[in-house]
1. Would you be able to tell me the number of residues in segment 54-70 that are under 16 Å from Arg133 (Cα atoms) and either acidic (Asp, Glu) or open to solvent by 40 Å² or more (accessible area, probe 1.4 Å) (or both)?
2. When you scan segment 160-170, do you find a residue that is modelled with pLDDT of 80 or more, more than 20 Å from the chain's Cα centre (by Cα) and either buried (at least 18 other Cβ atoms within 10 Å of the Cβ) or farther than 14 Å from Ala27 by Cβ (or both), even just one?
3. Among (1) under 23 Å from Arg133 (Cα atoms); (2) in contact with a helix residue (DSSP H, G or I) (Cβ under 7 Å, 6 or more places away or on another chain); (3) open to solvent by 10 Å² or more (accessible area, probe 1.4 Å), there is one condition Phe228 misses while meeting the rest; what is its number?
4. With Ala154, Ala173, Ala141 as the choices, which residue is farther than 26 Å from Leu239 by Cβ, of a type in the set (Gly, Ala, Ser) and in a helix (DSSP H, G or I)?
5. Limited to segment 1-48, what total is found for residues that are under 13 Å from the mean Cα position of the chain (by Cα) and without any contact (Cβ under 8 Å) to a residue 12 or more places away in the chain?
6. Just the residues that are more than 23 Å from the chain's Cα centre (by Cα) and either under 24 Å from Leu146 (Cα atoms) or aromatic (Phe, Trp, Tyr) (or both), please, taken from segment 49-73.
7. Is it the case that segment 202-221 has a residue that's over 26 Å from Ile82 (Cα atoms) and touching a residue at least 60 places away in the same chain (Cβ under 8 Å)?
Amino acid sequence: MPSALTTLMGLALIPVAATAVGAATAALRPPGKKVRSAVQHFAAGVVFSVVAVELLPDIVRVHDAFEIGWTFAAGVALMLLIALLERRLEANAADGNIEMGMVGANVGQLVGVGVDFLLDGLLIGVAFAAGAREGLFLTLALSLELLTLGLAIASSVGARGGSRTATVVTPTALSLLLVVGAVLGDTVLRGASEHTLAGVLSFGSAALLYLVTEELLVEAHEGAETPFATAMFFVGFLLFLLLGMVA
């Protein structure tokens, strides 16, 4: 019988594989703006649904407004700090103060994405520590999100002159940080009190909501807006809402 940690690591490889699929797709046949927009809307709806349906009930149940308030605020503050770091590194790179590595990708973007992968993994580990159902739903939701993230990173690497190999390897290698985060989250927080888990989930929920509003939807709106793409957000939300009700 596989151990709980082995099972967690196996499941954490699902979003890693999704990232690789997205990167390979971008390297071999980049999707058009309309297709990318529809996929990003769908992924945003899925992530938003999992936060609302699976995570928030566990957070609210502890009835500790102070703990939830400061942990949520800390999550927002961290994401804003990462965004600030990205912008400063991008500005330095544009001025020639930072050499772009062999992959030709933007340093600031890769730093931010790496931290994002680590946080996503940590949240998966915490969700599994809170319950197998929450962990499984979050893993599926983040797999869809990372599929689009793999597309985005690979497209960025390719646009800056990276080879086809670098286009696929860069986001896939970064996504392995998700497995590290998942193992840390499950190992450190398994057996933790309900209040501790709720605080960590609140922190992670803030990071996920930032991801939806400031990354997925912002990028989705860069292309031509279509009713179909907009509708995909609600399709993703409704799908996981219904799955949460019947599962």
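The values are calculated or read from the model by the stated rules, or taken from the named source; none is laboratory data. Remember, it's a predicted structure, so these values are computed and weren't measured experimentally. Positions of Cβ are generated from backbone atoms using ideal geometry, with glycine treated the same way; all protein chains shown enter the neighbour counts. Heads up: the accessible areas ignore ligands, DNA and RNA and are worked out on the full protein's heavy atoms, side chains in. Shrake-Rupley method; radii C 1.70, N 1.55, O 1.52, S 1.80 Å.
1. As a first pass, look at segment 54-70 and keep what is under 16 Å from Arg133 (Cα atoms): 54-59.
In the following step, the residues that additionally are either acidic (Asp, Glu) or open to solvent by 40 Å² or more (accessible area, probe 1.4 Å) (or both) were identified as 54, 56-58.
Selection size over segment 54-70: 4.
2. Within segment 160-170 (the criterion being modelled with pLDDT of 80 or more, more than 20 Å from the chain's Cα centre (by Cα) and either buried (at least 18 other Cβ atoms within 10 Å of the Cβ) or farther than 14 Å from Ala27 by Cβ (or both)), the answer is yes, since at least one residue qualifies.
3. (1)
4. It is Ala173.
5. The number of residues fulfilling the criteria is 0.
6. Narrowing segment 49-73 to residues more than 23 Å from the chain's Cα centre (by Cα): 61-67.
Result: Phe66, single match.
7. From segment 202-221, those over 26 Å from Ile82 (Cα atoms) are none; that's our starting set.
Checked segment 202-221: no residue is over 26 Å from Ile82 (Cα atoms) and touching a residue at least 60 places away in the same chain (Cβ under 8 Å).
Quick grid of which residues meet (1) in contact with a Ser or Thr (Cβ under 8 Å, 6 or more places away or on another chain); (2) open to solvent by 60 Å² or more (accessible area, probe 1.4 Å); (3) part of a helix (DSSP H, G or I):
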position: Ala20; (1), (2), (3): yes, no, yes
position: Thr25; (1), (2), (3): no, no, yes
position: Ala43; (1), (2), (3): yes, no, yes
position: Val51; (1), (2), (3): yes, no, yes
position: Phe72; (1), (2), (3): yes, yes, yes
